[in-house]
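Data block below; observations after.
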Amino acid sequence: MSMLNVRTVIQSLICGCLLTVNQGCDGEHSDEDSHHHDDHNPIKTEENGFGHEHEKAHAHEHEEDGGAEFDVHSGLLVSEKAGRQIGLQTTKISEQRLALQFTATAQVFQQFRSDETGQSTARASAIIPEKNSKFLEVGDPVEVHSLTASGPSVNGRLVRLDRLAARAIGQVEAILEVSDSQDSMVFGSFLEITFRGEEQNVFAIPKSALLDAASGRFAYVKKKGRYLRTPIRMGASGKGFVEIVEGLNPGDEVVSEGVVGLWLMELRFTKGGGHSH
């Protein structure tokens, strides 16, 4: 065989080997890539699936353990178990016949003695909200207790309602007359006056439905299965009920038992770092 033919054969063999090696490497690389890709995807999918299931389980455990969810706009969502634990009960606003009852501080501005009986009488002035004055009439009896002298409460009466100031400040001056047999109600002394107005038909809720907080008075209103803390303004009270002047509407359903329990739940979410939306 000539040198030319030998060289040609050798080059052909080398090219064939290189081609075979390259194909093998390419094939092996493809297999590894395919194998790595196939192995990686199931793991990733499994991890993702596990993550979702874990998140769902965690949310479920939170709802079961805490028993409530909270949203600042719609209020508390309470589980049946948590509701039973706090004695949760609701009632609808109803019409009640109530008389306004409230207290105010008065100051004595005049003291005089009757010429006929020789008995001392004191006159005092108290500033009361205009809304409360609407329940009062001149001649209504009041209960009076001295804040500067010891002794039992005495009876007095409302002799005048000055409504001029109401236009400017929303307050009314009530002038009271009180028998002072002990001559203890001297000029400038302070009295605690309990007013009781005439009974009227009003929309009211049980006193147990009231929440007295640092920021005001509230009631929990049930709406779409949730309990929303709602600010209210009260009027007349008595017989275990209080009139609702503002904040609620006739027919609203409010929490009548378990109010403190709901308040503590809400505080846990808003002040204690609990889960909320």
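The values are calculated or read from the model by the stated rules, or taken from the named source; none is laboratory data. Owing to the predicted nature of the structure, the values given are computational and were not obtained by experimental measurement. Methodologically, a virtual Cβ is constructed for each residue, glycine included, from the backbone with ideal geometry; neighbour enumeration extends over all protein chains shown.
Please give the number of the condition residue 148 fails out of (1) surrounded by fewer than 15 Cβ atoms within 10 Å (Cβ to Cβ); (2) modelled with pLDDT of 85 or more; (3) among the β-branched types (Val, Ile, Thr).
Only one criterion is unmet by residue 148, namely (2).
Please go through segment 163-180 and pick out each residue that is within 22 Å of residue 112 (Cβ to Cβ) and within 37 Å of the chain's Cα centre (by Cα).
Those that are within 22 Å of residue 112 (Cβ to Cβ) and within 37 Å of the chain's Cα centre (by Cα): 173, 174.
Counting only residues that are closer than 17 Å to residue 95 by Cβ and either in contact with a helix residue (DSSP H, G or I) (Cβ under 6 Å, 6 or more places away or on another chain) or in a helix (DSSP H, G or I) (or both), how many does segment 245-270 have?
Matching residues across segment 245-270 total 2.
Does residue 171 meet the test of being over 29 Å from residue 90 (Cα atoms) and not hydroxyl-bearing (Ser, Thr, Tyr)?
The answer is yes for residue 171.
Give just the number: which of (1) within 13 Å of residue 194 (Cα to Cα); (2) surrounded by 14 or more Cβ atoms within 10 Å (Cβ to Cβ) does residue 141 not satisfy?
With (1) within 13 Å of residue 194 (Cα to Cα); (2) surrounded by 14 or more Cβ atoms within 10 Å (Cβ to Cβ) applied to residue 141, the lone miss is (2).
To keep it simple, each residue is scored yes or no on (1) surrounded by fewer than 19 Cβ atoms within 10 Å (Cβ to Cβ); (2) aliphatic (A, V, I, L, M); (3) not assigned by TED's automatic domain parsing to the domain that holds residue 250.
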site: 74; (1), (2), (3): yes, no, no
site: 77; (1), (2), (3): yes, yes, no
site: 81; (1), (2), (3): yes, no, no
site: 90; (1), (2), (3): yes, no, no
site: 104; (1), (2), (3): yes, yes, yes
site: 110; (1), (2), (3): yes, no, yes
site: 113; (1), (2), (3): yes, no, yes
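Can you confirm whether segment 214-226 contains a residue that is within 29 Å of residue 140 (Cα to Cα), of a type in the set (Lys, Arg) and touching a Gly at 6+ places or on another chain (Cβ under 8 Å)? Quick ask: steps written out before the conclusion?
First, the residues of segment 214-226 that are within 29 Å of residue 140 (Cα to Cα): 217.
Filter once more, so that each one left must be of a type in the set (Lys, Arg): 217.
In the following step, the residues that additionally are touching a Gly at 6+ places or on another chain (Cβ under 8 Å) were identified as none.
There is no residue in segment 214-226 that is within 29 Å of residue 140 (Cα to Cα), of a type in the set (Lys, Arg) and touching a Gly at 6+ places or on another chain (Cβ under 8 Å).
From 252, 212, grab the single residue that is modelled with pLDDT under 95, of a type in the set (D, E, K, R) and not assigned by TED's automatic domain parsing to the domain that holds residue 103.
212
Is it the case that segment 141-154 has a residue that's among the hydrophobic types (A, V, I, L, M, F, W, C) and closer than 21 Å to residue 237 by Cβ? Break it down stepwise before answering.
To start, the set of residues in segment 141-154 that are among the hydrophobic types (A, V, I, L, M, F, W, C) comprises 142, 144, 147, 149, 154.
Add one more test, that the residue is closer than 21 Å to residue 237 by Cβ, and what stays is 142, 144.
Yes, because at least one residue in segment 141-154 is among the hydrophobic types (A, V, I, L, M, F, W, C) and closer than 21 Å to residue 237 by Cβ.
Let me spell it out: the conditions are (1) surrounded by 18 or more Cβ atoms within 10 Å (Cβ to Cβ); (2) in contact (Cβ under 8 Å) with a residue 60 or more places away in the chain; (3) closer than 30 Å to residue 107 by Cβ, and residue 178 meets all of them except one. Which number is the exception?
Of (1) surrounded by 18 or more Cβ atoms within 10 Å (Cβ to Cβ); (2) in contact (Cβ under 8 Å) with a residue 60 or more places away in the chain; (3) closer than 30 Å to residue 107 by Cβ, only one is false for residue 178: (2).
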